[in-house]
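Take a look at the structure set out below.
The values are calculated or read from the model by the stated rules, or taken from the named source; none is laboratory data. If you're wondering where the values come from, they're calculated on a predicted model, not measured in any experiment. Every residue, glycine among them, receives a Cβ derived from its backbone with ideal geometry; neighbour counts consider all protein chains shown. Remember, those area values only see protein heavy atoms, side chains included, never the ligands or the DNA or RNA. Shrake-Rupley method; radii C 1.70, N 1.55, O 1.52, S 1.80 Å.
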Amino acid sequence: MGEHVIKLPDVGEGVAEAELVEWHVKIGDLVREDAVLAAVMTDKATVEIPSPVDGEILWLGAEIGDTVPVGSPIVRIKVAGDAPAEAEPAVALAKAKSDLEATVSEPPKPTPAPAKKVESEPVVKAPTPSGALKPAPRASNFGLPRPEGERPLASPAVRLRAKEAGIDLRQVPGTGPAGRVTHDDLDGFAARGSAVPAAGLQAKTEVEEIKVIGLRRRIAEKMALAKSRIPHITYVEEVDVTALEELRAKLNASKKPDRPKLTLLPFLMRALVKAVAEQPQLNAIYDDDAGIIHRHAGVHIGMAAQTPGGLMVPVVRHAEARDLWDCATEVNRLADAAKAGTATREELTGSTITITSLGAMGGVATTPVINYPEVAIVGVNKIMIRPMWDGTQFVPRKMMNLSSSFDHRVIDGWDAAVFVQRLKALLEAPAMIFVEG
């Protein structure tokens, strides 16, 4: 019998480490060659680590959420015959590297760490002074108020303190012998704000600890980076989308069977293309370390999408070269790929400006966080019918707010307002979206 050591393979692209997001085996399991042992993640890319041999799992070298350097041992397997303890077969390394380059997906949901129960700590009781009430230690054995008319049991000192504090002893659950009300009972009653637990209900003291790993950790890190490095300015404007909604309904009613159903997003994308053509400084990436702004001629629109694993931003590339229907088709394709976990690295990177929408749950206004290192993001809020004054009377109109955030280091407030007002004008007169030049 021998022992085979599996190390974290070189995942390519200059990556020196990866995060372990899932174990597919445990100590004592028997595995076959090519069986998946673990999944690791780097920069929204996941790769499965296969076993190059048959054998029994003897040791696992990391826990879920750990960052593991390339070349570090992660699994030891007992194999039949003699096997090199440190050498990793070249074919396994090549396969793992190939898997990463060819298969980039949303990380699988890790198995949640078991909930840890945190119990109340024991409290050492000190003598109670006869002065003001003090906060009481937490207790779980408070009873229910005694029946109406029943005289509470309490010492004269307790009765005096209750009278001075304005507390009705009949409402204080007693924990002393025979239900006697003690000084601690008075303290606890006062600390709880005179709240009495109802019959059959109990206080819950458990605390569940959930380790932040995988995609959720990447999201947290990127949001923290964006908020710490970008001074946001958010501009909210209401848009009358009544005409746009009428046009959208007519186009959907007459569309060809092979075309997707149009939502608001393709119209906004086409309006965005026209608006940034007039203000190219918004279609940019700011390298704040080098002090360089990269203005892009191509409009690569990130579409923030909620997936089972968390927020992802697939990218519609070259929106300036796509018509309304093509934009709709690509949005649907990328959204499906993101939710299914099959989006590639190329489909999840390279955006130059982002749109975020919560659909029908979009709220009245939001403060979207810029997709670092971009300099602008446009947020779509829900459409609501509101009475609007047309000069002679109030009429019902379909209104929607745009909540847009900008990097105030490179986008002035005036330029942000001009950009949003241009979007507003295009969406309120949607025929202008299709006018060239």
Work from the charge dipole of region 274-410 (Cβ charges, +1 for Lys and Arg, -1 for Asp and Glu, about the Cα centre) and give the residue of PHE406, ILE383, ASN332 farthest towards its positive end. ILE383
Integer Hz, Karplus 6.51/-1.76/1.60 couplings in order for region 241-247, x for Gly and Pro: 9, 4, 5, 5, 5, 5, 5
Once the Cα gyration tensor of region 14-63 is found, what semi-axes does its equivalent ellipsoid get, as square roots of 5 times the eigenvalues, in whole Å, sorted largest first? 21, 12, 9
Semi-axes of region 327-437's equivalent ellipsoid from the Cα gyration tensor, sqrt of 5 times each eigenvalue, largest first, rounded to whole Å? 28, 19, 15
Taking protein heavy atoms only, a 1.4 Å probe, and rounding to whole percent, the accessible area of region 327-398 owed to carbon and sulfur comes out at 61 percent
Skipping prolines and chain starts, which residues have an amide H placed within reach, meaning under 5 Å, of the one on ASN381, given they are 5 or more residues away or on another chain? ASN401, SER403
So the label point goes 7 Å from the Cα of ILE210 along Cα→C-beta, right? Which residues of region 309-352 then have their backbone N under 14 Å from it? 309-311
For region 255-294, using Cα atoms only, the Rg and Dmax in Å read 16.1, 50
Per-residue HN-Hα couplings for region 256-263 [Karplus 6.51, -1.76, 1.60; θ = phi - 60°; Hz; x = Gly/Pro]: 6, x, 7, 9, x, 6, 7, 10
Just grab the label-to-label distance for ALA243 and GLN202, each label 7 Å out from Cα along the Cβ direction, in nm (one decimal). 6.5 nm
Accessible area of region 1-71 with a 1.4 Å probe: how many percent of it is carbon plus sulfur? 48 percent
Considering amide H positions built from the backbone, and no H for Pro or chain starts, which residues 5 or more places from ILE233, or on another chain, come under 5 Å of its amide H? PHE406, HIS408
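Could you size up the charge dipole of region 235-356 around its Cα centre, putting +1 on the beta carbon of Lys and Arg and -1 on that of Asp and Glu, and report it in debye to the nearest 20?
Charge dipole of region 235-356: 580 debye, to the nearest 20.
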Here, ASP34 and GLU17, labelled 7 Å along Cα→Cβ, have an inter-label distance in nm of 3.4 nm
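In nm, what is the difference between 0.36 nm times the number of residues separating LYS261 and ASP168 and their Cα-Cα distance?
26.8 nm
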Percent accessible area from carbon and sulfur atoms, region 211-320, protein chains only, probe 1.4 Å: 55 percent
Summing Lys, Arg as +1 and Asp, Glu as -1, what charge do residues with Cβ under 13 Å from the Cβ of VAL375 carry, VAL375 excluded? -3
Per residue, accessible area of region 259-379 with a 1.4 Å probe, heavy atoms of protein chains only, in Å², comes to 40 Å²
From the phi angles alone, apply the Karplus equation (6.51, -1.76, 1.60; θ = phi - 60°) to region 388-396 and give each ³J(HN,Hα) in whole Hz, x where the residue is Gly or Pro. 10, 7, 9, x, 10, 7, 8, 10, x
Separation between the GLN421 and HIS232 pseudo-spin-labels, each 7 Å from Cα along Cα→Cβ, expressed in nm? 2.5 nm
